[in-house]
Each structure stands twice: as structure tokens, then as C-alpha cells.
Amino acid sequence: MAEPSIRFEGVSKSFGEQMVLKNLSLDVAPGEFLTIIGRSGCGKTTALRLVNALIAPDGGRVLVKGRDAAQADPAALRRGIGYTIQNVGLFPHMTVRQNLIEPYRMTTPGATDGEEKCRRLLEKVGLWDKADVYPSKLSGGQKQRVAIARALMKSPELMLFDEPTSALDPQLTGEVLSIMRQLAQEHMTMLVVTHEMSFARDAATRVLFMKDGTIAEEGPPTQIFTRPQNPETAAFLGTAAR
């Protein structure tokens, strides 16, 4: 079997007296589209931050392509990871084009293909016509699509999404989710924290429901959304559906 793209081995993490993750063990296979659902505070975002080496576990290990994320060189590790968050973090004083090219140049010394990749990726997300526009002139959905394109500039093997549509209205949410569906069709390995239940049901290869820092239930979307085995999962989905 292929080596997991991500492996959590008995991972625990606390902030002060609050234990956020409790002995979490999980494999994410290459090309898998895994969505994590659950109530706020259950550990979803913490899991993503551990993968990207923004924080270190208190116990256990997080392996990314076989490398211990907490022990690896952070810059080298993150070159293979695209990470998008709720607050897209575009530089307001830079155009869309510059937001893609300048970080790429800084993290990829000697690269000469920035302009070419920028155009290809902005075309991919349907925003080449906005290349010379500043972020203040973009809608929320457009900003998030630019953020995805920027993350793809590194040609990552893995994409992490933390609530990429949380602040968007339904129409703009659809714009962003269509790009993520396209990435899924291209077999990009994706770990996605989301409250978009219909998206998790329709696009994911596997859904994981977390509660109190542990995996309460996991399985294919058809099982999780139509035949949940755990009463906590059923209660959460009933609440989310209203």
C-alpha cells in the first residue's frame, strides 16, 4: 500500500488546561479528499495547524509524507503543502498577480516560471481578467479563489482548507466549491474542515466527525449522512440541517 500523505499517531494537544486533541490516530491516503466536520472547538482546525507545523503536538506524532512535521524544516515541509484559511490573508498593497508571484519568488529561489504559473492558475480559477486588480476590488468569493491559486503556485502535493466558505453567501460559496471539486477530480490530496454539509456529502471521499478532540465516527459520505452509526453524529447532522 502507498505511504499515507498524512498520518496522526496518537496525537494529543492542549492549550492551557483545555485538551483539544486526545490520542488522535488517522491516515489520509494519497489522492483522498477527507472532510472533517464537527462543532466548534472539537479540534478540527488544530489538526490542520499540526499538519502545517504551525504548532507541535504534546504527545504522539504527525507525519507528512513520512516526515515528522514537528521535527522537519518548516520551510521545506510547507513547500509541499497549500494552506487556505477563513481570513484569506491577501496583501492589500499588491495586485492579484503580485499576490501570487511575490510569495512564490520568496519561497522558491531561482524560479523563473512565476509569470507563467500565475497566468495558468488564475485562468484555472477564472480570474485572469482580475490579475492587475487590488484585493479591495474583489468579492469574498474571488478573494478566496485567488488564495487557492496562490497556494497552488507551489505545486503542492497536499491542500489544507480551513472553512474556506464560512464568510461567503451561497452564490460565492458555489464559486469556491467548484474549484475544490475540480482539484478533487485531479486527485489532489485534500484535508478540508467545513460546515458545508452538502459539499462534504457530495464531494468528499471520506467524512470524519470529531467530538471533544476524538474521532466519533468516520466513513464514506453515504454512510455518515444517511446511516450514521453514532447518535452524536446523527444529532450534529440534524442540527446542521436546520
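Using the heavy atoms of the protein chains alone and a 1.4 angstrom probe, what is the accessible area of the stretch 137-184 per residue in square angstrom? Mind showing how you got there, number by number?
Working: 1680 Å² over 48 residues.
Value for the stretch 137-184: 35 Å² per residue.
What is the spread of the Cα atoms of the stretch 69-120 along each of their three principal axes, largest first, in whole Å?
35, 30, 19
So what's the projected area for the stretch 1-82, the Cα convex hull averaged over all directions, in nm²? Numbers along the way, then the final one.
Working: hull surface 22.4 nm².
The directionally averaged projection comes out at 5.6 nm².
Report the one residue of M159, T107, I179 whose Cα lies farthest in the direction of the positive end of the charge dipole of the chain (charges on C-beta: Lys and Arg +1, Asp and Glu -1; origin at the Cα centre).
Of the listed residues, the answer is T107.
Restricting to DSSP H runs of at least four residues, report the calculated mean residue ellipticity at 222 nm for the chain, -39500 (n - 2.57) per run over all residues, nearest 500 deg cm²/dmol. Please report the intermediate quantities before stating the final value.
Values: 9 runs with 90 residues, N = 242.
Mean residue ellipticity at 222 nm (helix-derived): -11000 deg cm²/dmol.
Once the dipole of the chain is set up with Lys and Arg at +1 and Asp and Glu at -1 on Cβ about the Cα centre, which of I81, G140, G16 lies farthest towards its positive end?
G140
For G60, list long-range residues whose amide hydrogen, built 1.01 Å from N in the peptide plane, is under 5 Å from its own amide hydrogen.
Long-range HN contacts for G60: S12.
So if I place +1 on the C-beta of Lys and Arg and -1 on the C-beta of Asp and Glu, and nothing else carries charge, what would the dipole magnitude of the chain be about its Cα centre? I want it in debye, nearest 20.
Values: 29 positive and 27 negative charges, 52 e Å.
Dipole size: approximately 240 debye.
Here is the link list: K65/K154; K13/K154; K124/K154; K117/K143; K117/K137. Which ones come out longer than 25 Å on Cα distance? Before the final figure, lay out the partial values.
On the way: K65/K154 16 Å; K13/K154 29 Å; K124/K154 15 Å; K117/K143 18 Å; K117/K137 23 Å.
Table pairs above 25 Å Cα-Cα are K13/K154.
With springs only between Cα atoms under 10 Å apart, run a GNM on the chain and tell me which of G213, G89, G141 wobbles the most.
Of G213, G89, G141, the Gaussian network model singles out G89 as fluctuating most.
List the relative contact order of the chain as a percent without decimals, with contacts defined as Cα pairs under 8 Å and 6+ residues apart. Provide the component values of the computation, followed by the final result.
On the way: 445 pairs, mean separation 62.1, N = 242.
It comes to 26 percent, rounded to a whole number.
Provide Rg and Dmax in Å for the stretch 65-164, with only Cα atoms included in the calculation.
13.6, 42
Viscosity 1.567 mPa s, temperature 4 °C: what is the translational diffusion coefficient of the chain from Stokes-Einstein with a Kirkwood Rh over Cα pairs, rounded to a whole number of µm²/s? Intermediate values should be presented prior to the final figure.
Details: Rh = 18.5 Å.
It comes out at roughly 70 µm²/s.
Over what distance in Å are the Cα centres of the stretch 84-148 and the stretch 6-48 separated?
Using only Cα atoms, the two centres lie 29 Å from each other.
What are the membrane-span-like helices in the chain by this rule: whole DSSP H runs, Cα extent along the axis at least 20 Å, mean Kyte-Doolittle hydropathy at least -1.0?
Membrane-span-like by this criterion, though nothing is claimed about a membrane: 170-185.
How much area per residue is accessible in the stretch 1-114 when the probe is 1.4 Å and only protein heavy atoms are counted (Å²)?
Values: 5560 Å² over 114 residues.
With all protein chains present, the stretch 1-114 gives 49 Å² per residue.
Extension gain E186-T226, at 0.36 nm per residue separation less the Cα-Cα distance, in nm? Don't jump to the answer; show the numbers that get you there.
Working: separation 40, 0.36 × 40 = 14.40 nm, distance 2.68 nm.
Contour length minus the Cα-Cα distance gives 11.7 nm.
Among A200, T189, Q223, whose Cα projects farthest towards the positive end of the dipole of the stretch 184-242, with charges put on the beta-carbon of Lys, Arg (+1) and Asp, Glu (-1)?
Result: Q223, furthest along the dipole toward the positive end.
Under 25 °C and 0.890 mPa s, how fast does the stretch 100-214 diffuse according to Stokes-Einstein, given a Kirkwood radius computed over C-alpha pairs? Answer in µm²/s, whole number. Before the final figure, lay out the partial values.
Values: Rh = 15.3 Å.
D, rounded to a whole number, is 161 µm²/s.
Note down the magnitude of the dipole of the stretch 1-64 about its Cα centre, charges +1 on Lys and Arg C-beta and -1 on Asp and Glu C-beta and zero elsewhere, to the nearest 20 debye. Intermediate values should be presented prior to the final figure.
Working: 7 positive and 6 negative charges, 43 e Å.
With Lys and Arg at +1 and Asp and Glu at -1, about 200 debye.
Would you work out the charge dipole size for the stretch 101-242 about its Cα centre, treating the Cβ of every Lys and Arg as +1 and the Cβ of every Asp and Glu as -1, and quote it to the nearest 20 debye?
140
If you restrict to DSSP beta bridges whose two residues both lie in the chain, what percentage is antiparallel, to the nearest 5? Spell out each step's value before the answer.
Working: 19 of 36 bridges.
Once the DSSP bridges in the chain are tallied, antiparallel ones form about 55 percent.
Run the accessible area of the chain with a 1.4 Å probe and give the carbon-and-sulfur part as a rounded percent.
Details: 5600 of 11380 Å².
The C+S portion of the solvent-accessible surface of the chain is 49 percent.
Have a look at R67, R227, R49 and tell me which one the Gaussian network model of the chain (Cα, springs below 10 Å) gives the largest fluctuation.
Taking springs between Cα atoms under 10 Å, the residue moving most is R227.
Taking the chain as a Gaussian network, Cα atoms linked when under 10 Å apart, which of V62, V133, V125 shows the biggest mean-square fluctuation?
It is V133.
The values are calculated or read from the model by the stated rules, or taken from the named source; none is laboratory data. On a predicted model such as this, the values are computed, not experimentally measured, just so you know. Every residue, glycine as well, gets a Cβ built from its backbone with ideal geometry; the counts of neighbours run over all protein chains shown. Note: accessible area is taken over every heavy atom of the protein model, side chains too, but ligands, DNA and RNA are not part of it. Shrake-Rupley method; radii C 1.70, N 1.55, O 1.52, S 1.80 Å.
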